[in-house]
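The values are calculated or read from the model by the stated rules, or taken from the named source; none is laboratory data. The structure displayed is predicted, hence computed values, not measured ones. Counting neighbours? That spans all protein chains shown, and the Cβs are built from the backbone with ideal geometry, glycine included. The accessibility values were calculated without ligands, DNA or RNA, using every heavy atom of the protein model including side chains. Shrake-Rupley method; radii C 1.70, N 1.55, O 1.52, S 1.80 Å.
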Amino acid sequence: MITSVFKKSTPLNYSLVVILMLVFFFIYQFQEISWVKSLISISEKISLLIVVLGSMLITNFVVKKNGLSKDNGYTIFFYLLLSLFFPSALNNPNVLLANFFVLLALRRLLSLQSLKSSKEKIFDASLWILLASLFQFWCILFLILVFISIIFHVAGDYRNWILPFIALFAIATLFLLVSLMFNIDVITFFQNRAAVDFRINYFTNNYQNGALSIYVAVALFFVVSLLLTLSNRPLLLHSSYKKIVAYFFIGIIVFLISPNKSNDLLLFTVAPLAIMGSSHIEFSQNKLNNEIVYGVLILCSLFTFFSQL
């Protein structure tokens, strides 16, 4: 039944997912309602909501534009369900903005396969990733994905290898100008953000621990499913799927090494997992299996979301 609802991409499907995201977003926000008394706070919440919806729609656009998904609503629904594992991320502007910018970079990198305007795409993707690193420093590791994309498609031109460093120089120059204008201490700004901390002892309750454990199990299922079936998928899409897998593992590394660790940081893995989940549903011909996958994921998402309120 669930797979039948999202089997076709229709305005009704998009509206349903957007409405559900609105509902869950405001359920979390209305735990504490003092922000409704301030226009500035209301504006901030609306801005966060726009970023959340924008990230979800960019992910959906990426899979459609690059042929990673057929004309259905699986990806956008998976993105919603996986986001519910970490409700506190809905109130974390740094992570939300960094994730949004990295997704914009992914959009450019996946489109490199067309070999059109490759230099502009590499430069743009590098800029978006470096901009994301200003909000969450270790997002700078997503530059690895830029170099992976260069290797896959345009390794022969040495100028492509230089472009990320030009982007780095541009962002660094702009950041220094802004820091001088607003008296930002650059050393202090990066001192804590650039630290490395492998400890995973941030849980404030058992429900956060449970959410992480369930999410890891879901992630393993989708990643293993994609890797085992990759050889049976269209050869044209292999490089794109490999970039999605690399994106996921870089997101895991960002989570593992970042200081001030929380489940929020796993938001960087939601988009690639949503794409892998959608791919699993499309590739599998067993309708009962697909219904079970969706049913279990819905139950896990709702349980982890409401248990952490």
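Could you name the lysines in cross-link range of residue 45, using Cα to Cα under 27 Å and dropping any fewer than eight places away on the same chain?
37, 261
Taking 7 Å along the Cα-to-C-beta vector as the label spot, tell me the residue 173-residue 39 distance in nanometres, rounded to one decimal.
Between residue 173 and residue 39, the label points sit 3.9 nm apart.
Which of these, 203, 268, 147, has the largest mean-square fluctuation under a Gaussian network model of the chain (Cα springs below 10 Å)?
Of 203, 268, 147, the Gaussian network model singles out 203 as fluctuating most.
Might you work out the accessible area of residue 18 for me, using a 1.4 Å probe with all protein chains in place, and round it to the nearest 10 Å²?
About 40 Å², rounded to the nearest 10.
Over the chain, with a Gaussian network built from C-alpha contacts below 10 Å, which listed residue (253, 187, 76) shows the highest mean-square fluctuation?
The residue with the greatest mean-square fluctuation here is 187.
For the chain, which span is the longest to avoid every loop-located (per DSSP) member of trypsin sites (Lys or Arg not before Pro) having at most 10 other Cβ atoms inside 10 Å? Don't jump to the answer; show the numbers that get you there.
On the way: sites that count: 116, 199.
Segment 1-115 is the longest.
So if R0 is 51 Å, what FRET efficiency would residue 199 and residue 14 give, r being the distance between their Cβ atoms, rounded to the nearest 0.05?
Working: r = 40 Å, r/R0 = 0.79.
The formula returns an efficiency of 0.80 here.
Run the accessible area of the chain with a 1.4 Å probe and give the carbon-and-sulfur part as a rounded percent. Walk me through the numbers on the way to the answer.
Numbers: 10270 of 14670 Å².
After summing per-atom areas, the C and S share lands at 70 percent.
Setting aside same-chain residues fewer than 8 positions from residue 7, which aspartates and glutamates have a Cα under 15 Å from its Cα?
Once the sequence-local aspartates and glutamates are set aside, what remains near residue 7 is 71, 282, 291.
Specify the residue with the greatest mean-square fluctuation among 126, 41, 240, computed from a Gaussian network of the chain linking alpha-carbon atoms under 10 Å apart.
Its mean-square fluctuation being the largest, the pick is 41.
Of 87, 113, 256, which is farthest on the positive side of the dipole of the chain, counting Cα position, with +1 on Lys and Arg Cβ, -1 on Asp and Glu Cβ, and the Cα centre as origin?
Value computed over the given set: 113.
How many angstrom separate the Cα center of region 91-138 from the Cα center of region 232-280?
Cα centroid to Cα centroid, the span is 14 Å.
Using Cα-Cα distances under 8 Å and only pairs 6 or more residues apart, what relative contact order does the chain have, in percent? Don't skip to the end; give the middle numbers.
On the way: 353 pairs, mean separation 79.5, N = 309.
Computed over the chain, the figure is 26 percent.
Lys/Arg Cβ at +1, Asp/Glu Cβ at -1, dipole of the chain taken about the Cα centre: which of 230, 12, 133 is farthest positive-ward?
The residue sitting most towards the positive pole is 230.
Checking the table 65/242; 8/121; 64/242 against a 20 Å threshold on Cα-Cα, which pairs fail? Display every interim value, and only then the final one.
Details: 65/242 17 Å; 8/121 30 Å; 64/242 17 Å.
Correct reply: 8/121.
So with the 1.4 Å probe, I'd like the accessible area per residue for region 1-307, rounded to whole Å².
Working: 14560 Å² over 307 residues.
With all protein chains present, region 1-307 gives 47 Å² per residue.
Tally Lys and Arg at +1 and Asp and Glu at -1 over the other residues with C-beta under 14 Å from the C-beta of residue 272: what net charge comes out?
Numbers: positive: 107, 242, 243; negative: none.
In short, +3.
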